[in-house]
Amino acid sequence: MNSKTNPSEQLPRAGRSEPFPSGRLTFLSPRPLPTGLPPLDHGHAVGEVNDGYLDFGTAVTPVFGLQIVLGGPLGLFLFTVFIIPLMSFLLFYWLGNGWPDGVHAFWGVFDITFPLAIWGCSFFLLVGLGIWHREHLKHESVIPTRFNRQRREVCFVPEGQKEPIFVPWEDLVAWVTEAQGATEYGVQRQYGFGIGFYHPETGEKYTLEFETPGLPLAISNWEAIRAYMEYEVHTLKEIQDPLELQGPDDPPWEGVHVFRNARKRLHCEYRQGKRGMFYLIGWYLYHLVTFWTIPNRLVEWEVQKIKRVSRKTLPKAMSDWSEALPENQWAVPSEELKRQSRRVLELQKIHPGKSTLEIFALVSDEAISRRAMTA
């Protein structure tokens, strides 16, 4: 959470869109309205989820990222040491004098590629592990942005500060961005999701942003938080397990249990004829190259270590604020939010072809007109 210039100097409202030189920004709140998209945390930005609060911005590295870090260099090594010499063998076997030229070419190329593979793969492995270690240290030191649904508040601890800031949930500003730019590879589009607020005492602006693969995914990330705060989802599994590889008693991270569940499902689908032999072999080869269950075990280790560290680094005011409340003290949605949410759901049924952002703009315009008439 950094102090910086807010994306907009005008009063934000859901559905309002603003252009900037390389794209546009569209607000999703204040007034967190239902988006109609599935609540999914594709980027694994959500950490802990329980009955009282959701932590955002401190999730661990996904298994796929660790598989790339470990398996990428090994895959490159195998390709350089075996595939390239084999291609040379086949080329000289067909174009030369058969077997003698092919074997000579194979070992000649092998003598060149083997040391290159050793140095190159060692370099990429060290770089990958260095990046992973840096991200791990960052997760250890960063205090999460915490969404408390019982209090209907959000707690921020800006970078470099120790005192938490508490912001009403319905006053939080959220937005998505769409941008494009020309590169040597052509026009590239970028998407992002952000949240921000004004400090209630100093008026200073704070924002937290991250990139997403697409606009619907950015809105789905916000929907995951909104749905949790409105008691529509209750567990991390509901927003981070689209492949349903976690059993009812499994922990909500990608540990060894996810690997075993995936292998069990694969064999079941193979027996049912849904998967072929080549897919089965490919699955085993992929996981052999990516060091079998080691990435999953690293995720388990990282989760446990971050939990131990985070419990020690949380400010006392934030820990006290996170304590569960009796149900009769839970905060409730405002009447205005309830009314606008009902209107969004009505318009989504009436205009199924309109996008989420268009629906939000219609509802916001209606709210402004209503306030002007009653003023």
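Against the set [x] 5, 24, 33, 25, 11, 2, 0; [y] 5, 21, 29, 22, 10, 4, 3, 2, 1, 0, 0, 0; [z] 4, 18, 25, 23, 15, 8, 4, 2, 0, 0, the structure's computed P(r) over Cα pairs in 10 Å bins from 0, in percent falls on [z].
The sum of -39500 (n - 2.57) across all DSSP H runs of n ≥ 4, divided by the residue count of the chain, sets its helix-only mean residue ellipticity at 222 nm to -16000 deg cm²/dmol.
For the options His133, His257, His234, a Gaussian network treatment of the chain with springs between C-alpha atoms closer than 10 Å singles out His133 as fluctuating the most.
A DSSP coil position with no more than 11 other Cβ atoms inside 10 Å describes the following GluC sites (Glu not before Pro) in region 162-261: Glu184, Glu201, Glu244.
Only Cα pairs under 8 Å and 6+ residues apart enter the sum, and on that basis the relative contact order of region 8-87 stands at 15 percent. Counted as membrane-span-like here are DSSP H helices of the chain whose alpha-carbon atoms extend 20 Å or more along the helix's own axis and whose Kyte-Doolittle mean is -0.5 or above; these are 63-78, 99-141, 215-229, 356-374.
Return one whole number: the accessible area per residue of the chain in Å², for a 1.4 Å probe. Let's see the in-between values first.
Values: 20910 Å² over 375 residues.
Heavy-atom accessible area per residue stands at 56 Å².
Shown for the chain: the carbon plus sulfur share of the solvent-accessible area, taken with all protein chains present and a 1.4 angstrom probe, equals 61%. Please report the spacing between the Cα centers of region 207-260 and region 285-352 in Å, no decimals. Taking the Cα centre of each part, region 207-260 and region 285-352 sit 8 Å apart.
The values are calculated or read from the model by the stated rules, or taken from the named source; none is laboratory data. Worth saying up front: this structure is predicted, and the values here are computed from it rather than measured. Heads up, the Cβs are rebuilt from the backbone with ideal geometry, glycines too, and the neighbour counts pull from every protein chain shown. Heavy atoms of the whole protein, side chains included, go into the accessibility calculation; ligands, DNA and RNA do not. Shrake-Rupley method; radii C 1.70, N 1.55, O 1.52, S 1.80 Å.
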